[in-house]
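Peer 1: One structure, as structure tokens, below. Some questions next.
The values are calculated or read from the model by the stated rules, or taken from the named source; none is laboratory data. Being a predicted model, the structure only gives us computed values, none of them experimental. Note that we place each Cβ from the backbone using ideal geometry, even for glycine, and neighbour counts take in every protein chain shown.
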């Protein structure tokens, strides 16, 4: 599921990977809203009953950016394979509950501001859109789906100086991340 | 409602609705008939009501600042429902979001919220189509 502006933002990645699983595009941030996603990548395990059994975990399927974030993909992929085969690694409900993050009034207002900004952008009302992108940033300073995800829409480079300034503030973490082995010993 | 009521766009939890409203001093006053037909809400003596459910109103004057035209103040309406509102009176558009408490209560159940989104070919995929199998939900982006 890609949190991007349009198909063309991710076409290249999807066509190259040619996945056999569904690969969808979420231009309206529907899943970001429903699951309270604050940064990507994040992976969520959902069991056969449709219940979340391992909450948001910022992990990677490849080692392309390992030099940047220090994470290896293999330990996570090993855990994932074990879960698929045996169910091992699924967490009890109280642990899932303790390891997820909660939306609050400010984060929900930030999502409304972003939705308004995105709508205005779609109407070619860039100046009005910018007012609300700024407001969304202020309300949710540690939500990168808003702050970094809006950069391409606002003509900023999400891999440029503005991103590195944002990264200086510290990247948003999911509690699960600290508990997942990321290096092979 | 006065003759100056014009179209006002409201993005209601992602759904775009057209309402008749007047913008006056930065306030958006929605025509009561439009509030009913567009959003299903109506102001009654017992409170703000939608179908059989009513929400009590603390400050009726904030909700209806002028009895003359009985326009319902959009910001006060959102506040009465406890829902976040991003408002741009000049652009005549607003986004009404989901209350933090409602979202939190849904997430607390640990049931994966269902959604339907398109792939590159425009084909829609719904999460609940995969019930009975394990699902890895990966959120990523080009940025």
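Peer 1: Quick check: anything in segment A:43-60 within 20 Å of residue A:157 (Cα to Cα) and either assigned to a helix (DSSP H, G or I) or modelled with pLDDT under 95 (or both)?
Peer 2: No, the conditions are met nowhere in segment A:43-60.
Peer 1: Suppose the filter is at the interface with chain B (Cβ under 7 Å from one of its Cβ atoms), closer than 23 Å to residue A:36 by Cα and under 20 Å from the mean Cα position of the chain (by Cα); does residue A:175 pass it?
Peer 2: No.
Peer 1: Checking the condition under 17 Å from residue A:112 (Cβ atoms) and touching a strand residue (DSSP E or B) at 6+ places or on another chain (Cβ under 9 Å), which residue from B:104, B:91, B:100 passes?
Peer 2: B:91
Peer 1: Looking only at segment B:50-65, which residues are in contact (Cβ under 8 Å) with a residue 12 or more places away in the chain, part of a loop (DSSP other than H, G, I, E, B) and under 18 Å from the mean Cα position of the chain (by Cα)?
Peer 2: B:57
Peer 1: OK, next. How about segment A:67-99: which of its residues are at pLDDT 95 or above and not in a helix (DSSP H, G or I)?
Peer 2: A:87, A:88, A:89, A:90, A:91, A:92, A:99
Peer 1: Within segment A:107-125, track down each residue that is surrounded by 15 or more Cβ atoms within 10 Å (Cβ to Cβ), out of contact with any strand residue (DSSP E or B) (no Cβ under 6 Å at 6 or more places or on another chain) and assigned to a helix (DSSP H, G or I).
Peer 2: Selection gives A:107, A:108, A:109, A:110, A:111, A:114, A:117, A:118, A:120, A:121.
Peer 1: In addition: With the condition kept exactly as written, say whether any residue in segment B:69-85 is in contact (Cβ under 8 Å) with a residue 60 or more places away in the chain, facing chain A (nearest Cβ under 8 Å) and in a strand (DSSP E or B).
Peer 2: no
Peer 1: Go through A:44, A:52 for me and flag whichever is within 20 Å of residue A:17 (Cβ to Cβ) and either touching a helix residue (DSSP H, G or I) at 6+ places or on another chain (Cβ under 9 Å) or more than 8 Å from chain B (Cβ to nearest Cβ) (or both).
Peer 2: The match here is A:44.
Peer 1: Looking at residue A:167, is it within 19 Å of the chain's Cα centre (by Cα), without any contact (Cβ under 8 Å) to a residue 60 or more places away in the chain and part of a helix (DSSP H, G or I)?
Peer 2: Criteria met by residue A:167.
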